[in-house]
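Reviewing the structure listed below.
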């Protein structure tokens, strides 16, 4: 079986590729454009353990480049595409909407069109919990009305879901859209809260707290997310002409101040806090109803926030600590 993973050099993509290349019957082709949202050497480090593997091939390229995508699909018998590539970041999307629309909407459409031309009709698409916006009903369910989006990033992800639905309805694609809830763990992007908080507390710099610290997130450990993606891949391969939207979360939201206390416990250091107003685009809470993923995928996250933060800290000490001293 040959799987194309877009965004393979990123946080989730590289962890997923690590897991899949451990299976003898799977070949991975990965594509990434090394978007400058964060340093290239971070992504190169993510790939370092994958590049020597015989069942992993890496192509540097952009999913908006039709020539590159067509070449991959022409020269390889791809069984399924796991589409993780995207311009990331809720807050930056409000400053540069056109870049996000180009990468996340045009890029996704270009990929789907190339798949259609080459007879590849199966996809797992990475959406986001941000599509729920300021949804007041908790926990967030896939059946909830999606009408309170407050960021361009969220709008591009919902657009991706709507576009994949058209490709399912009109062209017969089999697709599962996964709404990820605040993923953290080894290789987490340096711009995300947990990564930044560890760096700040270890440098004895203040941690920025937006609002009064009562906002909450359904933090989900990356290995639990990877297990959900793999289960979704299996589901799509086993079900022709399927279309599903599913939450992948931990079903256990953590308040911002509680998260900081957990990090203090893991590091043995006390945080200094600097309070600022909540930025435009930030939602007050996320909380995943994972009933559907449990029923259809057998999805069952097992990592408590304290355990996941310890694993992240072990990775951080090994790979990142020398960079901040």
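The values are calculated or read from the model by the stated rules, or taken from the named source; none is laboratory data. Keep in mind that this is a model prediction, so the values were computed, not measured. Every residue, glycine among them, receives a Cβ derived from its backbone with ideal geometry; neighbour counts consider all protein chains shown.
Given (1) on the phi < 0 side of the Ramachandran plot; (2) in contact with a helix residue (DSSP H, G or I) (Cβ under 9 Å, 6 or more places away or on another chain); (3) in contact (Cβ under 8 Å) with a residue 24 or more places away in the chain; (4) surrounded by fewer than 21 Cβ atoms within 10 Å (Cβ to Cβ), where does residue 211 come up short, assuming only one miss?
(1)
Consider residue 232 carefully, then state whether it is surrounded by 16 or more Cβ atoms within 10 Å (Cβ to Cβ), in contact with a helix residue (DSSP H, G or I) (Cβ under 9 Å, 6 or more places away or on another chain) and farther than 24 Å from residue 146 by Cβ.
no
If residue 82 passes every condition in (1) within 28 Å of residue 320 (Cα to Cα); (2) touching a strand residue (DSSP E or B) at 6+ places or on another chain (Cβ under 8 Å) but one, which one does it miss?
(1)
Of all residues in segment 1-23, how many are over 18 Å from the mean Cα position of the chain (by Cα), in a loop (DSSP other than H, G, I, E, B) and in contact (Cβ under 8 Å) with a residue 12 or more places away in the chain?
From segment 1-23, those over 18 Å from the mean Cα position of the chain (by Cα) are 1-2, 21-23; that's our starting set.
From what is left, the residues that are in a loop (DSSP other than H, G, I, E, B) are 1, 22-23.
Those still in the list that are in contact (Cβ under 8 Å) with a residue 12 or more places away in the chain too: 1.
Here the count works out to 1.
Is there a residue being over 15 Å from the mean Cα position of the chain (by Cα), touching a residue at least 12 places away in the same chain (Cβ under 8 Å), over 30 Å from residue 3 (Cβ atoms) and not in a loop (DSSP other than H, G, I, E, B) anywhere in segment 218-234?
There is no residue in segment 218-234 that is over 15 Å from the mean Cα position of the chain (by Cα), touching a residue at least 12 places away in the same chain (Cβ under 8 Å), over 30 Å from residue 3 (Cβ atoms) and not in a loop (DSSP other than H, G, I, E, B).
Pick from 102, 71: which is at pLDDT 95 or above, more than 20 Å from residue 179 (Cβ to Cβ) and under 19 Å from the mean Cα position of the chain (by Cα)?
One residue alone meets the criteria, 102.
Quick test of your reading of the structure: residue 300 fulfils all but one of (1) touching a strand residue (DSSP E or B) at 6+ places or on another chain (Cβ under 6 Å); (2) modelled with pLDDT of 95 or more; (3) not in a helix (DSSP H, G or I). Name the failing condition by number.
So the condition that residue 300 fails would be (1).
Which of the residues spanning segment 24-54 are crowded, with 16+ Cβ neighbours inside 10 Å, modelled with pLDDT of 95 or more and over 15 Å from the mean Cα position of the chain (by Cα)?
Listed by number, the residues that qualify are 26, 27, 28, 29, 30, 31, 33, 34, 47, 50.
Quick grid of which residues meet (1) surrounded by fewer than 21 Cβ atoms within 10 Å (Cβ to Cβ); (2) closer than 29 Å to residue 240 by Cβ; (3) without any contact (Cβ under 8 Å) to a residue 24 or more places away in the chain:
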residue	(1), (2), (3)
124	no, yes, no
138	yes, no, no
144	yes, yes, yes
164	no, yes, no
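Where in segment 57-161 are there helices (runs of 4 or more DSSP H), lying wholly inside it, with at least 3 residues that are in contact with a helix residue (DSSP H, G or I) (Cβ under 7 Å, 6 or more places away or on another chain)?
Helices (runs of 4 or more DSSP H) meeting the threshold: 66-75, 107-117.
Checking the structure you have, find out if any residue of segment 248-265 is in contact with a helix residue (DSSP H, G or I) (Cβ under 9 Å, 6 or more places away or on another chain), under 30 Å from residue 79 (Cα atoms), touching a residue at least 24 places away in the same chain (Cβ under 8 Å) and not in a loop (DSSP other than H, G, I, E, B).
yes
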